């Protein structure tokens, strides 16, 4: 019929925006499995910033066992290798355009890998990394120093936060959102008050929180706009000899102090399954026991995944 | 009934003229814009689309307009099936449909055709993709080598492979590699100029075995073993394992 019907179309010359649109439907594993090596124009499409705004590795877990000594997890070498390879290829294709980086709570990133990653996504704005067992102080500090645009961090509870928060305070001028997954004690709160007094969003959901700590947060963090203490196990420690007790509801004092917040997110219902789970797990949520993906939720929209 | 039966005339690149209902034609944002901002009576030129392709596209638009307006009794599942059959065409036609959907700005059709192509790509290795779409691998040997080398030493730094190969690196980069690697074995290529004493010192501290490829690899005394490993992106990495006096 038409002459043009017999001429093969040049798929390598397909408009780059169309190629990017096609690649947008690929998950990270498909995207890094070799499409970039088909031809140079497809590689260029694979490197488009649109595909790399968020690098979501939350479908990957380490193959690990728990051990009684530091770092308390031992990761199988092959599992490390898979992650290394995936991350390496992603970082190479992303060309420094990654803004959000997400890891699963059972993905134990090694110190070297963290540094390698930080160097290759210097413009990172949001990090979600709930497992720090294998991260050393030097590694995370080096990474923070590179991430000067860091705005939002989701981290596990750590015993000694000052070195970290100081590093953030010194390097990340736009830092404003913090989510801590795990028990949150007075020391952590005091550290935030010292080093990150201008913080705007704080999520402490599903953890254990003492009333005094909550009061000090509400009193001292004057720039705080959003506070999430949903499903937290709230403990009141009255002066001795009165025993500790679990608070069933927030008293007027707390509510008054929290009234200046733009959003004060709470949930303390006995019927709420997350509240029950926090109570059963005594404030240290065992996410692995629950449905896949339930750890990702957060009542604060900018912190949910 | 007046406005619903407004017709729009479209002329294709091969001079075919189609008269279609306005509701169908304005599925294309491009045609909609031209119609609303130009003279509504004259013929709209769609220069980049041929008659055959436009005919197919108009079928698509008509089906979707009718189904949305309830003029046709078709369930979402049936429409989905219809769409799936719509894209069962030869590759050239699919290509042309994508370009036309893009240029005419028909978002749902562009989504449909792009997803079809995505499904043709998924699960295939690069060579298979090239065969399917008749794409020429235009990576020059140098470019591919450069990409491979860039990936290789970085990969090795993370201990991703058992043996680390060092070639064409500056001294400080090399020290960094040896310091950070988790490999137990390091091979330094023949052409690499290296301060052996300083590297050996670093390597000894970390209990890494360092081997240097001799200048002349065909010396009969040298035992060699070749390890070949596919690292999944189609790059094959070769590690030469030489033992020689340092």
With A:115, A:89, A:82, A:100 as the choices, which residue is surrounded by 14 or more Cβ atoms within 10 Å (Cβ to Cβ), at the interface with chain B (Cβ under 8 Å from one of its Cβ atoms) and either touching a residue at least 12 places away in the same chain (Cβ under 8 Å) or out of contact with any strand residue (DSSP E or B) (no Cβ under 6 Å at 6 or more places or on another chain) (or both)?
-> A:89
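Anything in the range A:14-30 that is modelled with pLDDT of 90 or more and either touching a strand residue (DSSP E or B) at 6+ places or on another chain (Cβ under 6 Å) or more than 8 Å from every other protein chain (Cβ to nearest Cβ) (or both)? List them, or say none.
Step one: filter the range A:14-30 for residues modelled with pLDDT of 90 or more, giving A:14-26.
Answer for the range A:14-30, where residues must be modelled with pLDDT of 90 or more and either touching a strand residue (DSSP E or B) at 6+ places or on another chain (Cβ under 6 Å) or more than 8 Å from every other protein chain (Cβ to nearest Cβ) (or both): A:16, A:19, A:20, A:24.
When you check residue A:134 against the structure, is it surrounded by fewer than 17 Cβ atoms within 10 Å (Cβ to Cβ) and not assigned by the TED database to the domain that holds residue A:229, yes or no?
Details: surrounded by fewer than 17 Cβ atoms within 10 Å (Cβ to Cβ): no; not assigned by the TED database to the domain that holds residue A:229: yes.
So residue A:134 does not fit the description; no.
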List the pairs whose first member sits in the range B:117-130 and is within 7 Å of chain A (Cβ to nearest Cβ), whose second member is assigned to a helix (DSSP H, G or I) and surrounded by fewer than 19 Cβ atoms within 10 Å (Cβ to Cβ), and whose Cβ atoms are under 6 Å apart, counting only residues at least 6 apart or on separate chains?
-> B:122/A:30
Could you figure out which of (1) in contact with a helix residue (DSSP H, G or I) (Cβ under 6 Å, 6 or more places away or on another chain); (2) in the same structural domain as residue A:127 (by the TED database); (3) over 25 Å from residue A:122 (Cα atoms) isn't true of residue A:62?
-> (3)
Here are some conditions: (1) over 18 Å from the mean Cα position of the chain (by Cα); (2) assigned to a helix (DSSP H, G or I). Residue A:96 meets all but one. Which one does it not meet?
-> (2)
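The values are calculated or read from the model by the stated rules, or taken from the named source; none is laboratory data. This is a predicted model, so every value here is computed, not measured. Neighbour counts are summed over all protein chains in view; Cβ atoms, including those assigned to glycine, are modelled from backbone coordinates with ideal geometry.
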